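A quick write-up on the structure given underneath.
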Amino acid sequence: MDTIINLLKDKNYHLHKFYQLNETELLNFAEDNFENLETFYQARETILDLIRCIDRLIDAASNAHENPKSISDQNKKEMITCMAEKSELVTKILSQDLQILSAIEQAKSNIIKELRQVQGAKKAVSAYKSGDARSKLDEKA
């Protein structure tokens with residue numbers, strides 16, 4: 001049973017690292033700094049892979065433990081504490097993910113607005129071009 005408790009604690013440790021990674025990147029996003037976006041997503045995926053691996057180890061360890069009635073009260077309390085901590089971290093991470101998605105969507109929207117402004121400016125500039133280019137071509141012909 002100690003193995004499962006240690007795995008639950010390890011999972012919470014990685015969830016906390018995930019949370020911290022999100023917090024750091026949210027600060028960058030607030031400053032319109034999206035330079036580390038790909039590295040950020042790779043780091044997140046690496047942590048999620050570790051968590052998936054820990055989940056598989058927890059499943060294997062729980063399947064090996066045959067009699068759930070033989071779990072001591074102390075172990076039950078530790079497991080409940082770990083699971084409550086995990087739930088709290090997951091809730092915080094979900095909230096962060098909504099903030100991250102919102103920041104990225106806002107940045108995309110701003111880029112689209114800028115592109116439309118540039119296209120509008122190009123059209124306006126092209127409308128005021130002089131006809132010199134055509135007359136030079138006519139003279140060469």
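Please treat every number below as a calculation from the coordinates, not as lab data. Bear in mind that the values here come from a model prediction, so they are computed numbers and not experimental data. Here Cβ is always computed from backbone atoms with ideal geometry, including for glycine, and neighbour counts include all displayed protein chains.
Using only the Cα atoms, work out Rg/Rh for the range 2-124, with Rh taken as the Kirkwood radius, to two decimals.
Checking Rg against Rh, the ratio lands at 1.22.
Contact order normalised by length for the range 2-124, with contacts defined as Cα pairs under 8 Å and 6 or more residues apart; what percent is it?
48 percent
Where does the chain land at 222 nm, in deg cm²/dmol rounded to the nearest 500, when only DSSP H runs of n ≥ 4 count, each adding -39500 (n - 2.57), divided by all residues?
It lands at -31000 deg cm²/dmol.
Tell me, 73, 97 in order of fewest to most beta-carbon neighbours within 10 Å?
Working: 73 7, 97 12.
Neighbour counts put them in this order, fewest first: 73, 97.
Can you work out ³J(HN,Hα) from phi for every residue in the range 7-19, in order, using Karplus 6.51 cos²θ - 1.76 cosθ + 1.60 and θ = phi - 60°, giving whole Hz and x for Gly and Pro?
Each residue of the range 7-19 in turn: 5, 5, 5, 5, 4, 5, 4, 5, 5, 5, 4, 4, 4 Hz.
Taking GluC sites (Glu not before Pro) that fall in a DSSP loop and have at most 15 other Cβ atoms within 10 Å as cut points, what is the longest piece of the chain between them?
67-141
How far apart, in nanometres, would the label points at residue 23 and residue 97 be if each is projected 7 angstrom from Cα along the Cα-to-Cβ direction?
Placing both labels 7 Å beyond Cα along the Cβ direction yields 1.9 nm.
All other residues with a Cβ under 12 Å from the Cβ of residue 99 taken together, and with Lys, Arg as +1 and Asp, Glu as -1, what is their net charge?
-3
For the chain, take the longest principal axis of its alpha carbons; what is the angle in degrees between that and the long axis of helix 37-64, to the nearest 10 within 0 to 90?
20 degrees
To the nearest 20 Debye, how big is the dipole of the chain about its Cα centre, given +1 on the beta carbon of each Lys and Arg and -1 on that of each Asp and Glu?
680 debye
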